[in-house]
Amino acid sequence: MTHTSPSVHRAALLASAVAVLGLLTACGSGGGTSGAPRQVSGTAAPATGDTTAGGTVTGTTPGTDSATSSGATPPSSAATGSAHGTGGTRAAATSTRCHTSELKASVGRNDPGAGQENFPVVLTNTSGRTCTVRGYPGAAFVDAAGRQLGPEPKRSAGTPTTVTLRPGSSAWAGLTFSNPGVSGARTATPAALIVTPPDERDHLTVRWTAGQVPVGGNASSVFLTVLGPGTAP
C-alpha cells in the first residue's frame, strides 16, 4: 500500500474544496435570470386612457374619449360629439314648429253646401318669429263645464304639407259635418271648440256661436282636413 504524506493530502483536500465552491457559484448566478420575478413599472400611457394599479392614466391623443377600462363614463366634454372625427361640438338644431303659446285659434264663417256645414279653423302666428305647422290639428266640442260633446273629429283624406307662418300669418283646416236637420243626428249646442295645434299637447279655446252640431246617431261624424296656408278656401 502506498502512503501519502500529510502535507500532500491536505493540499489535495484544499484543491477539491476550491473546485466545489467554484461550481456552486456558477450554478447560482445564471446571469440573474433564475431569481424571483420583479415587477417593472411601464412608462407608456395608452392613447385612450386606462386605469392602472397606480391610478388613472389620461390619454394624450387629441380628440379621443378619456374612458377608463373599468367602464366608467367618459367626461362630458368628451361625449358631446367632438370625438371620432366629428369636427367639434354641434349645437342642437332649433325646432321651427309653432307652439301653442305662439298661436291664436279662431273659427271662420260657415260656407254651407249640399247639406254640409263647412267652417275654417284658423291658426294665426302671434309670435315674433317665423314657425311652421304641418298636418292635422286636434279639435273637440265642449260644453260650458268643459265636458266633451260627441267623438273627436275624424281626419279627411289629404297629404300633409309644411306651412310656414311668418308673424301674423295664418293656416287653416276645414271643419265639416252634415247638417243635423238633414241627417237626423242627435245634436248638442257646444259652448266652445278646443283646438290643439299639430304635435302640441296644450290647446286653444274658441267660443262656438254657430249653433247645434251632431254628437251622436246616424251621420254624426265631424271631419277635419289638413292645414293649408291662409284663412279660408
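The values are calculated or read from the model by the stated rules, or taken from the named source; none is laboratory data. These figures come from a predicted structure and were not determined experimentally. Neighbour counts are summed over all protein chains in view; Cβ atoms, including those assigned to glycine, are modelled from backbone coordinates with ideal geometry. The area values use the complete protein model at the heavy-atom level, side chains included, leaving out ligands, DNA and RNA. Shrake-Rupley method; radii C 1.70, N 1.55, O 1.52, S 1.80 Å.
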- Filter result (aliphatic (A, V, I, L, M) and either under 18 Å from Glu200 (Cβ atoms) or touching a residue at least 12 places away in the same chain (Cβ under 8 Å) (or both)) within the stretch 146-162: Leu149
- Note on the structure: Residues in the stretch 116-132 that are surrounded by 14 or more Cβ atoms within 10 Å (Cβ to Cβ) and either aromatic (Phe, Trp, Tyr) or not in a strand (DSSP E or B) (or both) total 2
- Task: Restrict the check to the stretch 166-185 and report whether at least one residue is out of contact with any Gly (no Cβ under 6 Å at 6 or more places or on another chain), open to solvent by 80 Å² or more (accessible area, probe 1.4 Å), part of a loop (DSSP other than H, G, I, E, B) and modelled with pLDDT under 95.
- Result: no
- Can you name every residue in the stretch 195-210 that is within 19 Å of Thr100 (Cα to Cα), open to solvent by 30 Å² or more (accessible area, probe 1.4 Å) and assigned to a loop (DSSP other than H, G, I, E, B)? Asp199, Glu200, Arg201, Asp202, His203
- If you go through the stretch 186-205 one residue at a time, do you hit one that is modelled with pLDDT of 95 or more and among the small types (Gly, Ala, Ser)? yes
- Item | Count of the stretch 156-165 residues which are modelled with pLDDT under 95 and open to solvent by 70 Å² or more (accessible area, probe 1.4 Å) | 2
- Of the conditions (1) touching a strand residue (DSSP E or B) at 6+ places or on another chain (Cβ under 8 Å); (2) open to solvent by less than 70 Å² (accessible area, probe 1.4 Å), Gly135 clears all except one; give me its number. (1)
- Considering the stretch 211-230, residues that are touching a residue at least 40 places away in the same chain (Cβ under 8 Å) and open to solvent by 50 Å² or more (accessible area, probe 1.4 Å), and then whichever is nearest to the chain's Cα centre (by Cα), we arrive at Pro229
- Can you spot a residue in the stretch 163-182 that is under 17 Å from Arg201 (Cα atoms), within 29 Å of the chain's Cα centre (by Cα) and hydrophobic (A, V, I, L, M, F, W, C)? no
